[in-house]
Protein chains: 2
Amino acid sequence: MLTAAGFHVLLALASGRGHGYAVMRFVEEISGGAVKLRPGTLYRTINRLVADGLVEESDAGDPAAPHDARRRYYQLTPQGERAAREEAELMTRLVTAAREAGLIT
Amino acid sequence: MLTAAGFHVLLALASGRGHGYAVMRFVEEISGGAVKLRPGTLYRTINRLVADGLVEESDAGDPAAPHDARRRYYQLTPQGERAAREEAELMTRLVTAAREAGLIT
DNA sequence: TCTGGTTATATCCGGCGTGGATATAACTAT
DNA sequence: ATAGTTATATCCACGCCGGATATAACCAGA
């Protein structure tokens with residue numbers, strides 16, 4: 001199973017957030033500020049995902065965005081997409097169970 | 001945020017799995033065998049949840065079940081139920097995002 | 001132009017949580 | 001009786017995370 005941080009990063013990349021800092025903001029956004037991926041966790045997680053073949057660096061960023069030399073862009077590999085999908089499916093089952101248990105509506 | 005194991009335990013208890021070993025089977029069931037809560041993680045997690053006030057031991061188990069002296073029964077505290085609900089709501093948002101990203105249907 | 005705030009990446013340390021193994025013992029069925 | 005399953009508990013090594021610190025590029029406004 002992926003770590004929570006690992007899934008957050010994959011999901012952010014699948015949602016079109018191409019570089020590290022954008023991933024950080026995505027996670028904060030989607031959780032309503034409850035979850036924060038700090039630099040230490042963020043960049044280490046990205047490096048691990050690259051080492052595991054789930055993510056790869058892509059030389060070109062969004063061509064519409066203004067150039068920023070600091071940014072490093074990433075994208076999912078097919079394996080990363082598969083892993084993210086499996087994790088999302090597991091999560092769907094957990095949400096269904098939470099609904100059946102009356103925790104959420 | 002809860003750890004993955006912590007949420008699994010709370011969800012299992014909310015789903016009427018009263019004792020430790022039943023929690024273990026619940027997690028294995030719901031994940032289709034992909035996730036296994038091993039003894040080391042399971043009982044340490046339960047103890048931590050008790051220490052944090054999210055779970056409490058309940059002296060009586062299911063009266064319909066045959067008595068088994070080894071079993072220790074647990075239930076959610078109001079605080080535990082709140083924590084589980086918040087985590088489930090966060091997870092719902094993640095699943096929605098995964099759907100919007102085309103990861104799942 | 002220079003200055004402050006934000007964006008962006010990177011690394012270190014201490015500590016917490018996990019996986020896997022091992023142990024023990026009570027149940028159950030044959 | 002005895003073998004297999006159910007059930008709880010604890011240990012060690014390792015991996016991951018939070019928080020802090022560092023560095024530097026970008027941008028807006030004075």
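The values are calculated or read from the model by the stated rules, or taken from the named source; none is laboratory data. These numbers come from a predicted model, not from an experiment. Counting neighbours? That spans all protein chains shown, and the Cβs are built from the backbone with ideal geometry, glycine included. Heads up: the accessible areas ignore ligands, DNA and RNA and are worked out on the full protein's heavy atoms, side chains in. Shrake-Rupley method; radii C 1.70, N 1.55, O 1.52, S 1.80 Å.
Per-structure values
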quantity: Region A:66-78, residues that are surrounded by 12 or more Cβ atoms within 10 Å (Cβ to Cβ) and in contact with a Gly (Cβ under 9 Å, 6 or more places away or on another chain); calculated: A:ARG71, A:ARG72, A:TYR73, A:TYR74, A:GLN75, A:THR77
quantity: Which listed residue is open to solvent by 20 Å² or more (accessible area, probe 1.4 Å), within 25 Å of A:ARG85 (Cβ to Cβ) and not β-branched (Val, Ile, Thr), from B:GLU81, B:GLU29, B:GLU56; calculated: B:GLU29
quantity: B:TYR43 open to solvent by less than 90 Å² (accessible area, probe 1.4 Å), among the aromatic types (Phe, Trp, Tyr) and within 12 Å of DNA strand D (Cβ to nearest atom); calculated: no
quantity: Selected residue [buried (at least 18 other Cβ atoms within 10 Å of the Cβ), in contact with an Asp or Glu (Cβ under 8 Å, 6 or more places away or on another chain), of a type outside the set (Asp, Glu) and at the interface with another protein chain (Cβ under 8 Å from one of its Cβ atoms)] from B:ALA101, B:ALA14, B:ALA4, B:ALA97; calculated: B:ALA14
quantity: In region B:8-67, the residues that are within 13 Å of DNA strand C (Cβ to nearest atom), of a type in the set (Asp, Glu) and either at pLDDT 90 or above or touching a strand residue (DSSP E or B) at 6+ places or on another chain (Cβ under 6 Å) (or both); calculated: B:GLU28, B:ASP52
quantity: Output for region B:58-94, where each listed residue is over 26 Å from A:LEU11 (Cβ atoms) and either in contact (Cβ under 8 Å) with a residue 60 or more places away in the chain or touching a helix residue (DSSP H, G or I) at 6+ places or on another chain (Cβ under 7 Å) (or both); calculated: B:ARG72, B:TYR74, B:GLN75, B:LEU76, B:GLY80, B:GLU81
quantity: Positions within region A:84-94 being open to solvent by 80 Å² or more (accessible area, probe 1.4 Å) and touching a strand residue (DSSP E or B) at 6+ places or on another chain (Cβ under 9 Å), in sequence order; calculated: none
quantity: Neighbours by Cβ (under 8 Å, 6+ apart or cross-chain): first from region B:29-57, away from chain A (no Cβ under 14 Å); second acidic (Asp, Glu) and more than 7 Å from DNA strand C (Cβ to nearest atom); calculated: B:VAL50/B:GLU56; B:VAL50/B:GLU57
